[in-house]
Amino acid sequence: MTVKILAVTPGYYPEVGGTALATYLITDLLAKDERIHLTVLTGVKNPKRINGVKYIYDPLLKRIDKRYIPVSQLNRRYGDIIKSNDIVYIVNAFPLIPVAKRFGKKVIVHLHDYRPISPSAVVLAGKTNLSNLGLLKEGFYTLLIQRRGVKGLIKNILNVPYTLQIRRWVCMADTILAVSRRHVEILSKYMPECKNKIKVLYNPIPKFPQFEKKLEELPTFLYCSGDNYIKGFYILLKALQILGKRKRTHFKLILTNKYCQESLDMLNKLKKHYNLNIEVYGIIKYYDLVKLHSRSWALLFPSIWEEPLPYTVMEALLMGTLPVASKVGGVPELVEKTQAKNFLLTPGKPEELAEVIENIANYKKSDFENKFAFILSSEFREKYNVMFNENTIKKYFLY
């Protein structure tokens, strides 16, 4: 018996971002099952195509992720394609949930953040003791830090009632997939009415080009998160300042991703004042990132929010780059049973980050390779093969 599945997602690989990559990898696994006929409805014009999968491009889906569109309009636009499928798999296209349920379809919603409970889609570390109202306020303030000006303020205000609406829609789903045990725990606490529907489905391991791990002689650290406040960029700056004052500067720092001019100026000021070895690469291609990993000793990941399951940390483990990461969200689940578990940081503590950087920089290259770089990948793969099981995907979609 063939099961027809419609995957609806505004984003899709090769767009940048963990959600786009995870959605592509999951649809790739689903498409390999002969019992499944898969259609992907996406807002990406040129998606990475999978053999046997039908793709439908609709630019409206890019707006559905960011603004309210009347359900009646969505019903007219997507009603026919929804009716022709058995299961609707929704990623960030929440207004289509009531449309699919109106036609009696099984709906599976996959969450990669905290959209149903926070206007900013994030939950800051140390804030999970807040009430639902407190969490809404915290999400509003987090957005306020990231969005400035009158337009930003208006968007932030409108995000609060829309978050409540998203929660109502998500609770209509038959199954709600989260990406780590910690993700499930937080969602269940703030959405108790959906507790029995929320299940763990770890993201599939990403595929990347073959490479040789060949560390630089100078201890080299990689930071890939840009100057985003919630990713802990300001924690990194403070740690660099601490190390500079201590004259502990025998290391190189490579930064990728987006940085505004103000952030670049701060980095340059630290670089000149303390004679730090800092290189800013900006946004680079994935293959070039892999090459940077091959040279790097450790990844710096001082995030301050409950990251559901960051691909940045997962990729570092797979490539033998030691993740020096905050103890947030699904990070402890990724590093447990690996050497990296001993390098978890208290979120928001730059002095801890500075201390770990200094400790790693004191290793001899050969000792660091033997203790970490050459065994991390095998350690992680062994444990993750137990965590992620393709049969779990089939259980949610076929039974």
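What to note about this one:
- Square roots of five times the Cα gyration tensor eigenvalues for the stretch 1-96, Å: 21, 17, 10
- Contour minus Cα-Cα distance for LYS365 and LYS285 (0.36 nm per residue): 26.1 nm
- Note on the stretch 276-311 and the stretch 187-239: Cα centroid distance 10 Å, given to the nearest whole angstrom.
- Computed from label points 7 Å out along Cα-Cβ, the spacing between VAL3 and ASN46 is 3.4 nm.
- Against the rule of thumb 2.2 N^0.38 Å, how large the Cα Rg of the stretch 235-280 comes out: 1.06
- Alpha carbon Rg of the stretch 25-180, scaled by the compact-globule rule 2.2 N^0.38 Å: 1.13
- Average projection area in nm² (convex hull over Cα atoms of the stretch 261-312, one quarter of hull surface): 5.1
- Quarter of the Cα convex hull surface for the stretch 220-300, i.e. its orientation-mean projected area (nm²): 4.9
- Label-zone membership for the stretch 323-338, site ASN385, 7 angstrom Cα→C-beta point, backbone N under 17 Å: 337-338
- Lys pairs, the stretch 244-325 - Cα-Cα below 22 angstrom, 8 or more residues apart or on other chains: 16
- Peptides 204-217, 376-389 ordered by average Cβ neighbours within 10 Å, highest first: 376-389, 204-217
- q = 0.19 Å⁻¹, the stretch 250-399: log10 I(q)/I(0) [Debye, one scatterer per Cα]: -1.32
- Here the chain exposes an accessible surface that is 50 percent carbon and sulfur, computed with a 1.4 Å probe and the other protein chains kept in place.
- Semi-axes of the equivalent ellipsoid for the stretch 178-262, computed as √(5λ) from the eigenvalues of its C-alpha gyration tensor and ordered from largest down, come to 36, 21, 12 Å.
- Translational diffusion of the chain was estimated from the Stokes-Einstein equation, with Rh taken as the Kirkwood radius over Cα pairs; at 25 °C and 0.890 mPa s the coefficient is 110 µm²/s.
- When CYS260, CYS171, CYS194 are compared by accessible surface with a 1.4 Å probe, the order from highest to lowest is CYS260, CYS171, CYS194.
- Residues in the stretch 1-45 reached by a label modelled at LYS395 [backbone nitrogen below 17 Å; 7 Å Cα→Cβ]: 30
- For the stretch 37-153: accessible area per residue (Å², 1.4 Å): 47
- For ASN275 and GLU336, the FRET efficiency from 1/(1 + (r/R0)^6), where r spans their Cβ atoms and R0 equals 51 Å, is about 0.85.
The values are calculated or read from the model by the stated rules, or taken from the named source; none is laboratory data. Just so it is clear, the model here is predicted, and its values are computed rather than measured. Methodologically, a virtual Cβ is constructed for each residue, glycine included, from the backbone with ideal geometry; neighbour enumeration extends over all protein chains shown. Remember, those area values only see protein heavy atoms, side chains included, never the ligands or the DNA or RNA. Shrake-Rupley method; radii C 1.70, N 1.55, O 1.52, S 1.80 Å.
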